[in-house]
Amino acid sequence: MAPKPESWIKPLPQGLFVEPGGFFVDPVRAADRAVVTHGHGDHARPGNGAVLATAGTIAIMRSRLGEGAGKSLQAAAYGERIDINGVGVTLHPAGHVLGSAQVLLEWQGSRVVVSGDYKRRPDPTCALFEPIPCDVFITEATFALPVFRHPPDEEEIGRLLHSVALFPERCHVVGVYALGKAQRVIALLRRAGWDKPLWLHGALMELCQLYQSLGVDLGELRHATEAKKEELAGSIVLAPPGALADRWSRRLPDPVSAMASGWMRVRQRAKQRGVELPLVISDHADWDELCQTLEDVNAGEVWVTHGREEALVHHAALKGRKARALSLVGFEDDEA
Amino acid sequence: MNRFAHLLDALVFAPARNTKLRLLSDYFATTPDPDRGWALAALTGNLGFTNAKPAMVRGLAAERLDPLLFDLSYDFVGDLAETVALIWEPQTRGHNEPLHLAAIVEALQGAGRAEVPRLFETWLDRLDAQGRWALIKLVTGGLRVGVSARLAKTALAEWGKVPVEQIEEVWHGLAPPYPELFAWLGEGGPVPAPDTMAAYRSAMLAHPLEESEIAALEPSDFRAEWKWDGIRVQLVAGPGIVRLFTRTGEEIGATFPDILEAAAGLHVVVDGELLVRFGAEVAPFNDLQQRLNRKTVDRRLLEKFPAAVRIYDILFEGTEDLRSLSFDERRARLETWYARATPPPDRFDLSPLVTFASWAELAEVRAGSAALGSEGIMLKRRSSPYLAGRPKGHWYKWKRDPDTVDAVMMYAQRGHGKRSSFFSDFTFGCWLEDLEGQATELVPVGKAYFGFTDAELAELDKWVRHHTVQRFGPVAQVEPKLVCELAFDSVSRSTRHKSGLALRFPRIARIRWDKPANEADRVATLVARVK
Ligand SMILES: [Zn+2]
Ligand SMILES: [Zn+2]
């Protein structure tokens, strides 16, 4: 009989520990061995020893953390099974950001999938999520409330472009998370036919260039600080969320502040941030996608972490699945 | 419905007046009749439903949804309409034809109370989240999107390229969904006829008079009146009807039944100031405030704050339009009408003319105007007809110099729109003192957010950032070190501030970078100026 999952996978204060393999998945504190799902700061932390991740994630970690990315970095392709002390480790696309992966862990006939952060809808900047059947599915729950249903991306981009047409003398500044959201919004704008140069806050440039070097076409990108004020009228500028209310935004001509995030679904959240044009574009699964994923992977047991666990545990139980909240510390409600 | 929902949603998030105007004009220009008319009715508060209540919405949600999931969601979102709108899962899909606002309004108007829940449910199923939110807000009567009736009319005026006064004149003769109005503004149709007797006529407004301009004016060309500190109103009384309008054409009669009652039987359109008045004595503006913005008034309020109109002009006598007459001719007509019609004197009196021979003499009279409860002098050219809007060269307001006080900045808050990256709203305080006259505690007296130049704003913003001691969300508490000279129109008792005082129209007159904070004014000096 296969071992019980809790006998070999343990939520510790340092992160999720795979005991027989002697490694952590997304450790919150530096670990000797780590498997990293993706490049966001609350998953890929500095100072680990041996790191296993996709080539995309490794490139992102190198760019963001430099030397701190890890002592030895091993890239695995999606679907390539790697053995760590008798535990089979396979990375599968998570659809969250470039390089993002779910981690399939196999030991003595027991199959556990750690989802990392994920979404289900297609994203031109990364590979599509693959549901992996398993015994235990450890899922994120950032948007695990039935109020979170992300509308189609094209609709949200359409609203942005409508606003640009309505206020041609103003500049639209879109708050975006630097990794993933920025590049996705750019790619979606390109798809919608916006072929003018896009202006970026300096903090976004490096990762965008990295995406481009990895083969994601983002069109012409320019530094917003190098633009003349008149040039920015009628244009679209992307900046980290924090820059919207910051003095940085004063250089822009009468900016309309937009923000691309799943949290924008709730008006009060958007109003609190002083956002004029909330765009519901998220790199996390919404409620329907989370529920659908539980069906698709058809795991007997669901462990829920990273968000609003209670609602998803309740839903899984209603559907006859064993479910529990996993209290892992160190993950943030990010802007993705 | 989708368009209307998009509009409401965008309005909720748009901080700036100009943005709201653009959004509204765009909506009126691109939405077909009768949807846009119903939307206009909803925005101007002329559309109400009594057969749908928030409890019904909650009940429908409870039928459909798991209670724990609903409660967790409601806790997170915090607003019932929004929670239901977001969480609702349409059951019947495939309804592809769009649901029009007009269809909703017409169905609700014809439906009995018992039919409403099922109707409502089918609409929730057919709309998206934004549409559901708009529907719930519309039907349960809580739009609150920061649009006044006046703003909606201004947007119509911009779109139709006509003066807003013209829209106000015809407005009260129109009913939702306003087909004639849109035909006129959008397709060049005929101007709708004003509802002759009961219509509002656009008021004639005055320009502020700068001290430097006065020398160029000839005293004998002008009449002077006191400038009263109430609100400008127009009383329209005719056979079977009495209406009271503000100077933007909003009807406020329901709040002032004492005025309407006293005007019954008159046949006239007059222009005057709404005041709270005890005999000859005019009460402070604050007392009038107790009567304004109330949906219902009880006997106690009517007795405690009796309202009256102090008349200064006549626009119609009977059906005769007097607006083309000169001021002097109208004044004579006003006086004979008043003497003949004898309206109840505790509700209606005439604003007296102030006699003067020279500007110097009038300036002296003006200096004493505070004692009368007046805030200055109005100058009206004797030959001027009654003209809508703010025509140049006819009427002037010559206000008394404002009072000032030196106050200390206590809090600063980020502004909106263009100013959202600046600390631009400031709360100022004055000192309480001990028996020796030493400053002990700073207490707020008012909020000022204008009066400074862009350059001064940048300096204030920088100062706030360097002197913040604590943050509460968008509000920064600052070290009590910066003194500003605040100009204000008057000071009155108020429970809003800990000082027990409130300044009317406070604005920053001067930043006193030089002045030590403990030399700022004491609360007691303001108390002495309460009227
Ligand atoms: Zn992430
Ligand atoms: Zn995360």
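Sort A:S327, B:S494, B:S148 so the one with the fewest other Cβ atoms within 10 Å of its own Cβ comes first. Intermediate values should be presented prior to the final figure.
Values: A:S327 10, B:S494 17, B:S148 14.
The fewest-first ordering by Cβ neighbours comes to A:S327, B:S148, B:S494.
FRET efficiency for the pair A:L214 and B:D33, taken as 1/(1 + (r/R0)^6) with r the Cβ-Cβ distance and R0 = 45 Å, rounds to 0.25.
What translational diffusion coefficient, in µm²/s and rounded to a whole number, does the Stokes-Einstein relation yield for the protein assembly as shown at 4 °C and a viscosity of 1.567 mPa s, taking the hydrodynamic radius as the Kirkwood radius over Cα pairs? Estimated via Stokes-Einstein, D reaches 41 µm²/s.
Can you check what the net charge comes to around A:W199, using other residues whose Cβ is under 12 Å from the Cβ of A:W199 (Lys, Arg +1; Asp, Glu -1)?
Working: positive: A:K196, A:R222, A:K228, A:K229, A:R251; negative: A:E220, A:E226, A:E231.
In short, +2.
Sequentially through the range A:236-244, phi angles give Karplus couplings (6.51, -1.76, 1.60; θ = phi - 60°) of 10, 10, 10, 8, x, x, x, 6, 4 Hz, Gly and Pro residues having no value and appearing as x.
One decimal place: the segment B:H207-B:Q470 gains 90.4 nm when fully extended, by the rule 0.36 nm per residue minus the C-alpha distance. Sort chain A into rounded, prolate or oblate with this rule: let a ≥ b ≥ c be the square roots of the eigenvalues of the Cα gyration tensor; rounded if a/c is under 1.5, and if a/c is not under 1.5, prolate when a/b is larger than b/c, oblate otherwise. The shape class here is prolate. Distance between the pseudo-spin-label points of B:K161 and A:K271 (7 Å out from Cα toward the beta carbon): 3.7 nm.
Helix A:309-318: angle to the longest alpha-carbon principal axis of chain A, degrees 0 to 90, nearest 10? For helix A:309-318, the angle is close to 60 degrees. The label-point distance for B:R382 and B:R58, in a model that sets each label 7 Å from Cα toward Cβ, rounds to 6.8 nm. If you wrap the tightest convex hull around every Cα atom of the range B:237-395 and split its volume per residue, you get 128 Å³.
At a Förster radius of 30 Å, what calculated FRET efficiency corresponds to the Cβ-Cβ distance of B:K304 and B:T404, to the nearest 0.05? Don't skip to the end; give the middle numbers.
Values: r = 32 Å, r/R0 = 1.07.
Efficiency computed from Cβ-Cβ geometry: 0.40.
In this structure the amide hydrogen of B:Y411, modeled in the peptide plane, comes within under 5 Å of the amide hydrogens of B:T427, B:V478, none closer than 5 places in sequence on its chain. Remark on B:F348: its backbone amide H falls under 5 Å from those of B:V309, a criterion applied only to residues 5 or more positions apart or on other chains, H modelled at 1.01 Å from N. The simple spin-label model puts a point 7 Å past each Cα toward its Cβ; for B:L80 and B:S326 those points are separated by 6.3 nm.
Taking DSSP loops as anything outside H, G, I, E and B, show the longest stretch in chain A free of GluC sites (Glu not before Pro) there with at most 14 other beta carbons within 10 Å. Between exposed loop sites, the widest span is A:221-331. Taking other Cβ atoms within 10 Å as a rough exposure proxy, A:T54, B:T255, B:T404, A:T305 sort from fewest to most as B:T404, B:T255, A:T305, A:T54. Helix A:202-213 and the long axis of chain A differ in direction by around 60°, with both axes built from C-alpha atoms. For the range B:88-176, applying the loop criterion from DSSP together with a ceiling of 13 other beta carbons within 10 Å to the GluC sites (Glu not before Pro) yields B:E115.
The ranking of A:I236, B:I136 by Cβ neighbour count inside 10 Å, starting from the fewest, reads A:I236, B:I136.
Find the centroid of the Cα atoms in the range A:13-81 and in the range A:217-247, then give the distance between the two in whole Å. Between the Cα centre of the range A:13-81 and that of the range A:217-247, the gap is 33 Å. In sequence order, the range B:445-450 has phi-based couplings of 10, x, 10, 10, 9, 8 Hz under the Karplus curve 6.51 cos²θ - 1.76 cosθ + 1.60, θ = phi - 60°, and Gly or Pro positions carry x.
Are there chymotrypsin sites (Phe, Trp or Tyr not before Pro) in the range B:453-531 that DSSP marks as loop and that have at most 13 other Cβ atoms within 10 Å, and which are they? Let's see the in-between values first.
On the way: sites: B:W463, B:F472, B:F488, B:W513; in loops: B:W513.
Sparse-neighbourhood loop chymotrypsin sites (Phe, Trp or Tyr not before Pro): B:W513.
When the trypsin sites (Lys or Arg not before Pro) in the range B:119-179 are filtered for DSSP coil states and for at most 14 other beta-carbon atoms within 10 Å of their beta-carbon, the remaining sites are B:R144, B:K161. Report the net charge of residues surrounding B:P177, where surrounding means a beta-carbon distance below 11 angstrom and charges are Lys +1, Arg +1, Asp -1, Glu -1. Combined, the nearby Lys, Arg, Asp and Glu give -3. Annotation: amide H-H contacts under 5 Å for B:A283 (H modelled 1.01 Å from N, sequence separation of 5 or more, or interchain): B:V276, B:R277, B:F278. Fraction of C-alpha pairs exceeding 20 angstrom in the range B:403-527: 39 percent, rounded to a whole number. Taken one residue at a time, the phi angles of the range B:210-224 give Karplus couplings (6.51, -1.76, 1.60, θ = phi - 60°) of 7, 3, 6, 7, 5, 4, 6, 8, 9, x, 6, 7, 10, 10, 10 Hz. Gly and Pro are set to x.
Quick note: the coordinates plus some simple rules give every number you see, no bench work behind them. Because the structure is a prediction, the values reported are computed rather than measured. Cβ atoms come from the backbone with ideal geometry, glycine included; neighbour counts cover every protein chain shown.
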